[in-house]
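**Q** Please read through the structure below; I'll follow up with questions.
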């Protein structure tokens with residue numbers, strides 16, 4: 001059985017919807033325990049006790065939400081110093097409504113978050129382009145939900161984007177479950 005922690009920050013409810021879709025997708029893998037937490041509630045124990053982490057953020061000015069950045073700076077820094085996350089699995093998702101088709105800055109947001117998790121020694125699970133509805137809410141880094149149209153009117157994330165999140169979470173969970181007992185990386 002794998003334990004997955006879904007972590008998110010949000011402003012308008014879009015990233016929270018995506019986090020719940022991620023939880024549902026992870027729970028679709030038999031025997032999986034899933035915990036969902038807001039970024040400001042996360043502790044190092046939440047990371048250490050998980051086999052995999054799925055992290056979501058709204059896009060702010062081409063980067064992750066400040067609460068996600070604070071969590072990375074305060075919680076993950078100690079885990080990095082002690083090599084506590086080596087070989088654990090991570091996937092990301094985001095919501096955005098800025099100018100640009102994917103939501104202004106969503107790709108930079110993904111790369112920014114994934115860079116931190118690569119530093120932690122985590123295994124990054126990408127989103128395959130053959131994922132159903134990929135064209136409605138996916139990049140190679142992970143799923144995104146477009147939360148506004150081209151005129152910046154709030155639309156909320158689409159059902160197709162939520163389905164992409166579910167499929168991505170299931171993939172992350174499958175990888176975490178397969179690697180859980182392998183101990184291919186040394187921690188601590």
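**Q** Return yes or no: is residue 68 modelled with pLDDT of 95 or more, crowded, with 24+ Cβ neighbours inside 10 Å and in a helix (DSSP H, G or I)?
**A** Taking the combined requirement at face value, the residue satisfies it.
**Q** Here is a follow-up. With the condition kept exactly as written, say whether any residue in the range 134-157 is within 20 Å of residue 12 (Cβ to Cβ), at pLDDT below 95 and in a helix (DSSP H, G or I).
**A** yes
**Q** Here is a follow-up. Being in contact (Cβ under 8 Å) with a residue 40 or more places away in the chain, assigned to a helix (DSSP H, G or I) and within 16 Å of the chain's Cα centre (by Cα) is the filter here, so list the residues in the range 33-65 that pass it.
**A** 46, 47
**Q** In the range 96-114, is there at least one residue being buried (at least 20 other Cβ atoms within 10 Å of the Cβ), in a loop (DSSP other than H, G, I, E, B), at pLDDT below 90 and on the phi > 0 side of the Ramachandran plot?
**A** The answer is yes, given that some residue of the range 96-114 is buried (at least 20 other Cβ atoms within 10 Å of the Cβ), in a loop (DSSP other than H, G, I, E, B), at pLDDT below 90 and on the phi > 0 side of the Ramachandran plot.
**Q** Select, from 90, 68, 6, 42, the only residue that is in contact with a strand residue (DSSP E or B) (Cβ under 6 Å, 6 or more places away or on another chain) and over 19 Å from residue 143 (Cα atoms).
**A** Just a single option satisfies the conditions, and that option is 42.
The values are calculated or read from the model by the stated rules, or taken from the named source; none is laboratory data. If you're wondering where the values come from, they're calculated on a predicted model, not measured in any experiment. Backbone-built Cβ (ideal geometry, glycine too); neighbour counts: all protein chains shown.
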